[in-house]
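Worksheet: the structure to be examined is printed underneath.
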Amino acid sequence: MSLDGTYDDNNPFALILAGKIPSVKLYEDAHTLAFLDIQPQSKGHSLVISKWSRARNILEIEDEALAEVMATVKTVATATRKALAPDGIHVAQFNGAPAGQTVFHLHVHIVPRWAGGPIGFGAHGQGQFADAAELAALADEIRAQF
Ligand code: 5GP
């Protein structure tokens, strides 16, 4: 998919917002939702999305929605640090398939990093699926820090 296109109402994050598929939620407010990635790049990898914007990428998103998303990124990164004590936190956002985007509802990745561990992104959307029970336990740990 290129940078240009139309919003797909059946993309996975639209389905999560519509309650049609499950997600392990970390945080929610009136405008944004944060949940754990199902194919994490590291322990505690989460995603933040706008609940109302139909932007596919950063070129399309309303300034207000972007500000709301980034404020939630900070909130979730702070709780993630308290819960998991990473040495670094990788905040990433990809636009267009050639840049690695696989889900076309704008999202920001929060990836805790530990010294000596990998720092790049593995194959987008093709990594190992996380164990559901492990994700649920991890979410409890992070949610306790908000
Ligand atoms: P992108 O490559 O588009 O920046 O990132 C998409 C991310 O969404 C990937 O890290 C992928 O693992 C994650 N993802 C894709 N589908 C789902 C889903 O249905 N649920 C959750 N929790 N994560 C998803």
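At-a-glance table
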quantity	calculated
Close pairs (7 angstrom Cβ cut-off, 6 or more residues apart or separate chains): more than 22 Å from Lys74 (Cα to Cα) in the range 10-31, part of a helix (DSSP H, G or I) anywhere	Ile21/Pro12; Ile21/Leu15
Scan of the range 110-124 for residues that are within 12 Å of the ligand (Cβ to nearest atom) and surrounded by fewer than 19 Cβ atoms within 10 Å (Cβ to Cβ), ordered by number	Phe121, Gly122, Ala123, His124
Qualifying positions in the range 93-105 - surrounded by 13 or more Cβ atoms within 10 Å (Cβ to Cβ) and not in a loop (DSSP other than H, G, I, E, B)	Ala97
Answer residue from the range 31-48, given it is touching a strand residue (DSSP E or B) at 6+ places or on another chain (Cβ under 7 Å) and among the polar types (S, T, N, Q) and is surrounded by the fewest Cβ atoms within 10 Å (Cβ to Cβ) among those	Ser42
Test result for Ala67, of a type outside the set (Asp, Glu) and out of contact with any strand residue (DSSP E or B) (no Cβ under 6 Å at 6 or more places or on another chain)	yes
Any hit, the range 102-112, residues being under 26 Å from Trp52 (Cβ atoms) and free of Cβ contacts under 8 Å to residues at least 40 places away in the same chain	yes
Test: residue in the range 4-21 that is basic (Lys, Arg) and touching a helix residue (DSSP H, G or I) at 6+ places or on another chain (Cβ under 7 Å)	no
Glu141 being farther than 23 Å from Pro22 by Cβ, away from the ligand (no atom under 13 Å from the Cβ) and touching a residue at least 24 places away in the same chain (Cβ under 8 Å)	no
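No value in this document is a laboratory result; all are computed from the given coordinates. Quantities reported herein were computed from a predicted structural model and do not represent experimental measurements. So basically every Cβ, Gly included, is an ideal-geometry build from the backbone, and we count neighbours across all protein chains shown.
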